[in-house]
Amino acid sequence: MKKGKFITLEGMDGAGKSTHIPTIVALLQARGLETVSTREPGGTALGEQLRTLLLHEPMHAETETLLMFAARREHIANVIEPALARGAYVLSDRFTDATYAYQCGAKGVAPDKIKQLEIWVQGDLRPDATLLFDVPVEISLKRLANAREPDKFEREDAQFFEKLRQAYLQRAAENPERFHIINANQSLENVKKLVENIISTL
Ligand code: TYD
């Protein structure tokens, strides 16, 4: 039985979500909450091996979808569900909204296929809250150009990123009860304040 809370972070590459993880973990721990910080694809030994394949090997978009959900099955069984059952807060850097955005929105995999996998792999597990870090595409591309060696997804073009952004905003519009859209096109300090405000309500 789920007792803790499941919080996910989403956004395009370059939106800056990962920067805020230490802050969120510290805020939750300051409230005396056990906090498990994890990521997708990954979060388990097998999941991290799948991540290496997913981020670097060219493959069919449906193969990518299936491997994302294979990694997710492992992640849920070994990390997310046990933590939630203990009453922990689980913070995941990406989850299934990323599959809807990247594999469906940007790469064209049918949403029904993802929905079926979601039901199969997750049962009724859904995030309690999702922080969507939103920036215009040109900002995200500019940030990525200054970052480290890009992975497969980070090498995509502006059109791909535009589809991605729209898909994320659509997910948010369809799930307003759990999505918090953060305008990440402002100073780090301001974004941090927005994040703190949202986390204080969870
Ligand atoms: P990301 O979370 O951006 O990590 P880092 O900050 O280390 O680059 O990288 C994960 C990549 O995987 C990202 O480009 C999005 C992609 N991804 C999908 O395409 N589908 C998914 O379901 C998930 C979870 C991630």
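The values are calculated or read from the model by the stated rules, or taken from the named source; none is laboratory data. Note that the structure is a prediction, hence the values are computed from the model and not measured. In this analysis, Cβ positions are derived from the backbone assuming ideal geometry, glycine residues included, and neighbour counts consider all displayed protein chains. Side chains are part of the model used for accessible areas, which takes the heavy atoms of the whole protein and leaves out ligands, DNA and RNA. Shrake-Rupley method; radii C 1.70, N 1.55, O 1.52, S 1.80 Å.
Are there any pairs with C-beta distances below 6 angstrom linking a residue in segment 153-173 that is closer than 16 Å to Asn185 by Cβ and small (Gly, Ala, Ser) to a residue that is within 15 Å of the ligand (Cβ to nearest atom) and open to solvent by 80 Å² or more (accessible area, probe 1.4 Å), with the two at least 6 apart or on different chains, and if so which?
none
Out of all the residues in segment 8-40, which are within 15 Å of the ligand (Cβ to nearest atom), assigned to a strand (DSSP E or B) and aliphatic (A, V, I, L, M)?
Across segment 8-40, the qualifying residue is only Leu9.
Considering Arg86, Arg51, Arg73, which residue is surrounded by fewer than 19 Cβ atoms within 10 Å (Cβ to Cβ), among the basic types (Lys, Arg) and within 13 Å of the ligand (Cβ to nearest atom)?
Exactly one residue qualifies, and that residue is Arg73.
Can you tell me which residue is farthest from Ala106 (Cα to Cα) among those in segment 174-202 that are in contact (Cβ under 8 Å) with a residue 40 or more places away in the chain and in a helix (DSSP H, G or I)?
Taking the candidates together, the pick is Ser200.
Examine segment 139-157 for a residue that is more than 10 Å from the ligand (Cβ to nearest atom), buried (at least 16 other Cβ atoms within 10 Å of the Cβ), among the basic types (Lys, Arg) and at pLDDT 90 or above, and state whether such a residue exists.
No - not one qualifying residue is present in segment 139-157.
Check off (1) touching a residue at least 60 places away in the same chain (Cβ under 8 Å); (2) within 15 Å of the ligand (Cβ to nearest atom) for Asp128 and give me the number that stays unchecked.
Answer for Asp128: the failing condition is (2).
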